[in-house]
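The structure appears right after this line, and notes come after that.
The values are calculated or read from the model by the stated rules, or taken from the named source; none is laboratory data. Everything numeric in this text was worked out from a predicted model, so none of it was measured. Please note: Cβ atoms are built from the backbone with ideal geometry, for glycine as well, and neighbour counts cover all protein chains shown. Ligands, DNA and RNA are stripped out before the accessible areas are found, and what is left, the full protein with its side chains, is counted by its heavy atoms. Shrake-Rupley method; radii C 1.70, N 1.55, O 1.52, S 1.80 Å.
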Amino acid sequence: MDVRKFLLKIYKILYGSYGPQGWWPAESWFEVIVGAVLTQNTSWNNVEKAIHNIRKAGALDPVILFRLHNDQLSQLIKSAGFYNLKTVRLKNLLSLLSEYNFDFHSLSRNITREILLSVNGIGKETADSILLYAFDKPVFVVDNYTKRVFERLGILNKKDSYDKIQAIFHDLPKDTGLYKEYHALIVKHAKDICLKNKPKCNICCVKGFCAFHTHISKPISTC
């Protein structure tokens, strides 16, 4: 199988079914960064509530948020869960950003995956989300939705590492717009159709390519 052609085919089908997603939903690069940390182990609805609270408090600014007392920040992001831990992680990341005077252009020129991963509490998915969505770097974001969908499509297996999966997608054209849209479409498909426990295979737009669908659709023998 030509994996690159297969990935592009699936992308075209998903895009044709769902249309452009316009992800990441944020008004600024900094809001993307805050959201990338807050979305760890929680739903996006909870993140939106936390960001709303930060904005309402007039603190959705890197300098203001950096200077905010940890207890105050914890209360603002309580809806995102693990709020004490996420407060520390946000402050760790803000400390890094302060080394570049919170300047977008300086950060965009100098920030790397290795630098982000050196921050305590910032893992690969979070770092890659920041690079792609905040700084428009051509880095594909791998998440549990990616693994679920493409395991079922027969491209991945459960033992594949984050880096191995990412390398497969990095064989696609190095296009930030493509990477953003593809990631968002995968999330959309996994949330609406390719559910973890009860996937809606009968209305799935890619079921014709899906090994999982073929398996569960086989009639049970009565012999």
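Among 13-24, 145-156, 81-92, how do they line up by average Cβ neighbours within 10 Å per residue, starting with the highest?
For the peptides 13-24, 145-156, 81-92, the packing ranking is 145-156, 81-92, 13-24.
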Exercise. What is the count of Lys pairs in the stretch 46-139 whose alpha carbons sit under 25 Å apart, if the two are 8 or more places apart or on different chains?
Worked result: 15
Exercise. Which FRET efficiency, nearest 0.05, do Trp44 and Ser161 yield, Cβ-Cβ r, R0 25 Å?
Worked result: 0.50
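Tally Lys and Arg at +1 and Asp and Glu at -1 over the other residues with C-beta under 14 Å from the C-beta of Ser118: what net charge comes out?
+1
Determine the calculated [θ] at 222 nm for the chain from helices alone, applying -39500 (n - 2.57) to every DSSP H run no shorter than 4 residues and normalising by the residue count; nearest 500 deg cm²/dmol. Could you put the intermediate results ahead of the total?
Working: 13 runs with 127 residues, N = 223.
The per-residue figure over the chain is -16500 deg cm²/dmol.
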Problem set entry | Spatially proximal lysines relative to Lys198 (Cα-Cα < 26 Å; intrachain offsets below 8 disregarded) | Lys9, Lys12, Lys147, Lys158, Lys159, Lys188, Lys207, Lys218
Problem set entry | If the convex hull is drawn through the Cα atoms of the stretch 54-131, its volume per residue in Å³ | 93 Å³
Seminar exercise, completed: The aspartates and glutamates whose Cα lies under 18 Å from the Cα of Lys180, excluding any fewer than 8 residues away in the same chain, are Glu27, Glu31, Glu125, Asp128, Asp136, Asp143, Asp163, Asp171
For this session: Run the accessible area of the stretch 17-144 with a 1.4 Å probe and give the carbon-and-sulfur part as a rounded percent.
Result: 48 percent
For this session: Please give the per residue accessible area of the chain, computed with a probe of 1.4 Å over protein heavy atoms only, in Å².
Result: 53 Å²
For this session: Report the equivalent ellipsoid semi-axes for the stretch 22-67 in whole Å, largest first, defined as the square roots of five times the eigenvalues of the gyration tensor built from alpha carbon atoms.
Result: 17, 12, 10
Seminar exercise, completed: Whole-Hz Karplus couplings 3J(HN,Hα) for the stretch 74-82, θ = phi - 60° and coefficients 6.51, -1.76, 1.60, Gly and Pro as x, run 4, 5, 5, 9, 4, 5, 7, x, 6
Exercise. What share of all Cα pairs of the stretch 1-155, in percent, falls into each consecutive 10 Å distance bin?
Worked result: 10, 37, 32, 15, 5, 0
